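The values are calculated or read from the model by the stated rules, or taken from the named source; none is laboratory data. All figures in this text were calculated on a predicted structure; none of them were measured in a lab. Here the Cβ positions follow ideal geometry from the backbone for every residue, glycine too, while neighbour counts run over all protein chains shown.
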Ligand SMILES: Nc1ncnc2c1ncn2[C@@H]1O[C@H](COP(=O)(O)OP(=O)(O)OP(=O)(O)O)[C@@H](O)[C@H]1O
Ligand SMILES: O=P(O)(O)OC[C@H]1O[C@H](OP(=O)(O)OP(=O)(O)O)[C@H](O)[C@@H]1O
Ligand SMILES: [Mg+2]
């Protein structure tokens, strides 16, 4: 049995449960439970505050966990990152009152900084040879300058709307973060095997999210040009249509190049282009 720690509620909860589901792992009675077992995979799930996850994985109370890099690096625990998961993307940034002049990190000298990330902020300040006073608070950090608790803040930013609403502007990025799968450093061979099985599924799900299945009709005299535009997993599938002189072409496209290639396909004479999501992708 492998034990995984995920966030009980909050920003990472939904995506963590969804990821397990997409890996074919059914969790029963998730609601209001602090602990549950999967029906069809030897996995036990612990629902925890995200702050506690690195410690539990270091101690081996949980074998693996899903947590933001921001929390993992702040807690500075011995746990190995095995996979970046691509959700919970945010950055830890320094922000100052909008009207305040800012001329680089030296402007932070002697300031009071409110943050929930004292270790990461201290490391950043030391690297830049800046002395400042850290006020650790556990939430609603952006309110601090407005109520006279601090001069500046260092907190997580994604859209920037929380900073904006509190009259702050982002001036430094300390860390870019996303959620990661971490593991205890001393897994048994059997646990590692289960983790490998889970990782295989996670990678197939992640890969599928970045790719699309494309079907199109092509006049046979344009086939060569159209096929040359398509990468495919090996090469595209080409099937004759009932109508003489036409073929159906199937291929797989990566999200990064998707729109460019679709435009070129149209220009080359492709018609009736269908784009279909892929659920899993095993190479
Ligand atoms: N605005 C955001 N956009 C994207 N990801 C975010 C954002 N804010 C936080 N995160 C990521 O989600 C994680 C969890 O955020 P959340 O706000 O739910 O934490 P929390 O309030 O500390 O929860 P807990 O109750 O588990 O301690 C953060 O550590 C970070 O990795
Ligand atoms: O740049 P934005 O998109 O506005 O996101 C940033 C906000 O999101 C997070 O808080 P969250 O909403 O998770 O609330 P919490 O601090 O109470 O956990 C973070 O602590 C910021 O306050
Ligand atoms: Mg927390």
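A few notes on this one:
- With respect to (1) surrounded by 20 or more Cβ atoms within 10 Å (Cβ to Cβ); (2) within 16 Å of ligand 3 (Cβ to nearest atom), the lone exception for residue 118 is condition (1).
Residue-wise test of (1) part of a strand (DSSP E or B); (2) surrounded by fewer than 17 Cβ atoms within 10 Å (Cβ to Cβ); (3) modelled with pLDDT of 95 or more; (4) in contact with a strand residue (DSSP E or B) (Cβ under 9 Å, 6 or more places away or on another chain).
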residue: 31; (1), (2), (3), (4): no, yes, no, no
residue: 41; (1), (2), (3), (4): no, no, yes, yes
residue: 46; (1), (2), (3), (4): yes, no, yes, yes
residue: 57; (1), (2), (3), (4): no, no, yes, yes
residue: 67; (1), (2), (3), (4): yes, no, yes, yes
residue: 73; (1), (2), (3), (4): no, no, yes, yes
residue: 103; (1), (2), (3), (4): no, yes, yes, no
residue: 107; (1), (2), (3), (4): no, no, yes, yes
residue: 135; (1), (2), (3), (4): yes, yes, yes, yes
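- Residues satisfying the stated conditions in region 78-89, i.e. buried (at least 17 other Cβ atoms within 10 Å of the Cβ) and over 17 Å from the mean Cα position of the chain (by Cα): 79
- Any hit, region 118-129, residues being touching a strand residue (DSSP E or B) at 6+ places or on another chain (Cβ under 9 Å), closer than 20 Å to residue 68 by Cα, within 14 Å of ligand 2 (Cβ to nearest atom) and free of Cβ contacts under 8 Å to residues at least 40 places away in the same chain: no
- Evaluation of residue 180 against the conditions (1) crowded, with 16+ Cβ neighbours inside 10 Å; (2) within 11 Å of ligand 1 (Cβ to nearest atom); (3) more than 30 Å from residue 41 (Cα to Cα); (4) in contact (Cβ under 8 Å) with a residue 40 or more places away in the chain shows that the sole unmet condition is (3).
Per-residue answers, yes or no, for (1) more than 25 Å from the chain's Cα centre (by Cα); (2) surrounded by fewer than 16 Cβ atoms within 10 Å (Cβ to Cβ); (3) away from ligand 2 (no atom under 16 Å from the Cβ):
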site: 168; (1), (2), (3): yes, no, no
site: 174; (1), (2), (3): no, no, no
site: 189; (1), (2), (3): yes, yes, yes
site: 208; (1), (2), (3): no, no, yes
site: 212; (1), (2), (3): no, no, yes
site: 245; (1), (2), (3): yes, yes, yes
site: 257; (1), (2), (3): no, yes, yes
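- Qualifying residues in region 142-160 (those that are within 12 Å of residue 96 (Cα to Cα) and near ligand 2 (Cβ under 9 Å from one of its atoms)) - the one surrounded by the most Cβ atoms within 10 Å (Cβ to Cβ): 155
- Exactly one residue out of 16, 9 is under 18 Å from residue 178 (Cα atoms) and modelled with pLDDT of 95 or more: that is 16.
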